[in-house]
1. Restricting the search to segment A:56-102, which residues are farther than 24 Å from A:ILE174 by Cβ and either of a type in the set (Ser, Thr, Tyr) or in contact with an Asp or Glu (Cβ under 9 Å, 6 or more places away or on another chain) (or both)?
2. Among the residues in segment B:16-32, are any within 22 Å of B:ILE188 (Cα to Cα) and within 13 Å of chain A (Cβ to nearest Cβ)?
3. Restricting the search to segment B:192-224, which residues are more than 22 Å from B:MET84 (Cα to Cα) and not in a strand (DSSP E or B)?
4. In the set A:LEU364, A:LEU373, A:LEU285, A:LEU359, which member is of a type in the set (A, V, I, L, M, F, W, C), open to solvent by less than 70 Å² (accessible area, probe 1.4 Å) and closer than 30 Å to A:LEU492 by Cβ?
5. Pairs needed: first member in segment A:353-378, within 14 Å of another protein chain (Cβ to nearest Cβ); second member anywhere, in a helix (DSSP H, G or I) and at pLDDT below 85; C-beta distance under 7 Å; at least 6 residues apart or different chains.
6. When you scan segment A:432-453, do you find a residue that is farther than 30 Å from B:ASP81 by Cβ and of a type in the set (A, V, I, L, M), even just one?
Amino acid sequence: MIKVRDIKSNINLWSILSLIFIILIVLPNLNIFINIFNESNQNWNHIKEYLLKDYIINSLTLIMFTGLFTIFIGTSLSWLISVYDFPFRNFFKWGLILPLAIPPYIGAYTYNGLLNYTGVIQSFLRNFYNIQVNQKYFNVMSIKGAIFIFTIFLFPYVYIITKSYLEKQSSSLIENARVLGRNSMETFVYVVLPISRGAIIGGVSLVILEVLNDYGVVKYFGIPTFSTAIFKTWFSMGDIDSAVKLASILMFLVFIILILEKFLRGRKKYSYTTSKITPISRKRLKGFKGKLAFSFCFLIFSIGFLIPTLQLIHWSLLTYKDILNIRFVKLIVNSLSIALISSVLIIIIAIVIANYCRLKNNFLSKIYSKTTLVGYSIPGAVISIGVILFFINIDNRLYWVYKMINKNSAKLVLSTSIIMLIFAYIMRFLAIGYNSIESGFEKVGNKFFEASRTLGMGITETFIKVDFKMIKPAILSGFILVFVDILKELPLTLILRPFNFNTLSTKAFEYASDEMIQEASIASLIIIIISVISIYFFYKAGNKEEV
Amino acid sequence: MFLKIEGLKFRYKNAKEETIKDFSIDINKGETISIFGESGSGKSTILRLLAGLEIPSSGLIKIDNDMIVNDKNFVLPEQRDVGMFFQDYALFPHMTVAKNIKFGLKYMNKKQKNHRLQEVLDLVNLTGLKSRYPYELSGGQQQRVALARALAPKPSILLLDEPFSNLDTDLQTKIRKELKKILNKTKITSIFVTHDREDSKSIADRVIVLNQGKIIDKGKPKDIFKS
């Protein structure tokens, strides 16, 4: 039986705020589910009959092939880096993470610019060797091209997770397999792949969620998928009901993927309980084999980072005189300030919920924790629909208040403001901030909190004087991760930004969509540079921790 | 009766059995009580319940006739006026010795705080180390800082969770004597938890033997440990 005493002792600022935040996260998603069962209209019948099949086939083709190729590239690279020594291995170890700094939509138009008729490759072949190539081999704007783009810019998810698993967990198994007379290839196939299955699946499911979230690449390449369809139904046809129906099918797909991931990962657990981690003694590759390993890493690094970055730098040098003006400065200010405000809010909310959850550690806190994490799996297009419906609903209910403040007030106030976009960022990226802060709290444990309480401090005082100072690194890393992700974000920003509000990412995408690829380069480079700095920061921080 | 515990019961989440089963005891002011038992007997849980870090499923605790917890009331840990010494000390790593000790003195002004700091540093023989950080201290010194920090706010009861478990044997004997001296000097009511009979013998006025959450014996140390 629940006692009044227990309820009273559980009610405090942290529990109340957590509850409010969780309700605010859940409500927009509920909007989607409530509207699924609205009667179908003519548009929907048309979509169902002629278009839906394409959306499903295209989305599935993209996730399947991108998944397979990222597994191949990510796993083989993580194996090479963890087990062998070859020229420039230390550089590639973190250099191979760098493709993540280039958002796929930027990669997409950069490669299109590189490979099309007027691009540097074809111009070079034409001008110097008089070679006219068959355009079909150089056309990246297709579903195959999209798979290439997603693979080359998203494989680091698989690479990072599998590498850190191999480094931490597998040394004794790999060494055992060697002692038992297995060669490298056999060890890889019979030992490494099966034991690192969980890590590989974890990485590839992040890749798949990113592909489903993408709007920029598929829109630019003209591939009809769920994301583009939701946008089109909403913007071009103004049909909320059909957009919601599409969003719910996409959610269903995500749901299946998450269950599949759990199923594939969860059946067997191979991680050790021992805390002793012996690093793998790496085998030196000499001569041809060493060169081969180097060449493979260099090839992937070049395609995934070096070539597109050099191309963007080249374009920047051509266009900076026209681009760098006061309007561009405003763009940077817009981007940085909205990313800053949203990241600060996300970190505050993540701290409140994470602190509540660690202190309570009950059924309710587990639900809170799961709810917070789910946002990252929901594609941007779906979040957008939920958030718009939610804000229009609020505007309708608050209209009388607006009128009291200003007689001539428009009906839609919040839903045409920047607040809606910030709210959507919070829904999507809260998981990243939360993960970081939760692990910070886990490391510190509860003993300092308890010591402070017995010394007369309340929960909030304890947080300010003790917890906050101890989880500062986690707060900082969470903040940087969220900040960079928001800076790169495209689908939410495109659909939810107020009229005439541009950020670096939307402007880059707009330029590229208007066939002004070179003009998009400076905005893209700024995004990439900030991302590279943050990746480097994390690589260094991660290394320090491992030591 | 200064501290009264009656019919205390407690079960951890997901535990099959109750960790504390019907625990009752009366303690006089100034008494030093030792709760003695094997690991897992629930002795640390008693301290956590007294400090307010756990909520009992039933039973009551009264300190100086004030109801601290029963079926209707629950006084928060920060309002209980109970000091606690943690097994692994829980010294705040980002604060110096002085700041750790002053942490619990929030209602004093600066002058009073500095005065009290000096008093407790003298008491535990740590004068001169107040600017050090916890990681710059030896195990024995850390232990004394933790004790000083718990004593500084002059709590009505001091709870000590395995105060000697992290020290080597030679140091244990020395610090046992010191702790006895300090407890006598401050005349504070204290309860300490231990699995070492030497601790109980040399410090406690009374011993309570706990097994699987139940009191199986209690009395003076010389009677309990006569064999």
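1. Selection gives A:SER59, A:THR61, A:LEU62, A:THR66.
2. Checked segment B:16-32: no residue is within 22 Å of B:ILE188 (Cα to Cα) and within 13 Å of chain A (Cβ to nearest Cβ).
3. Correct list: B:GLN212, B:LYS220, B:PRO221, B:LYS222, B:ASP223, B:ILE224.
4. That would be A:LEU373, the only listed residue that is of a type in the set (A, V, I, L, M, F, W, C), open to solvent by less than 70 Å² (accessible area, probe 1.4 Å) and closer than 30 Å to A:LEU492 by Cβ.
5. Cβ pairs passing all conditions: none.
6. Yes; the residues of segment A:432-453 include at least one that is farther than 30 Å from B:ASP81 by Cβ and of a type in the set (A, V, I, L, M).
For every residue, the table says whether it meets (1) within 20 Å of the chain's Cα centre (by Cα); (2) within 14 Å of chain B (Cβ to nearest Cβ).
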site	(1), (2)
A:ALA424	yes, no
A:PHE448	no, yes
A:MET457	no, yes
A:PHE463	no, yes
A:ILE486	yes, no
A:THR493	yes, no
A:PHE501	no, no
A:TYR511	no, no
A:ASP514	no, no
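Yes or no, residue by residue, for (1) part of a strand (DSSP E or B); (2) aliphatic (A, V, I, L, M); (3) in contact with a helix residue (DSSP H, G or I) (Cβ under 9 Å, 6 or more places away or on another chain):
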residue	(1), (2), (3)
B:ASP170	no, no, no
B:ILE175	no, yes, yes
B:GLU178	no, no, yes
B:SER190	yes, no, yes
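The values are calculated or read from the model by the stated rules, or taken from the named source; none is laboratory data. Keep in mind that what you see is a predicted model, and the values were worked out from it rather than measured. Backbone-built Cβ (ideal geometry, glycine too); neighbour counts: all protein chains shown. Calculation scope for accessible area: heavy atoms of the full protein, side chains included, ligands and nucleic acids excluded. Shrake-Rupley method; radii C 1.70, N 1.55, O 1.52, S 1.80 Å.
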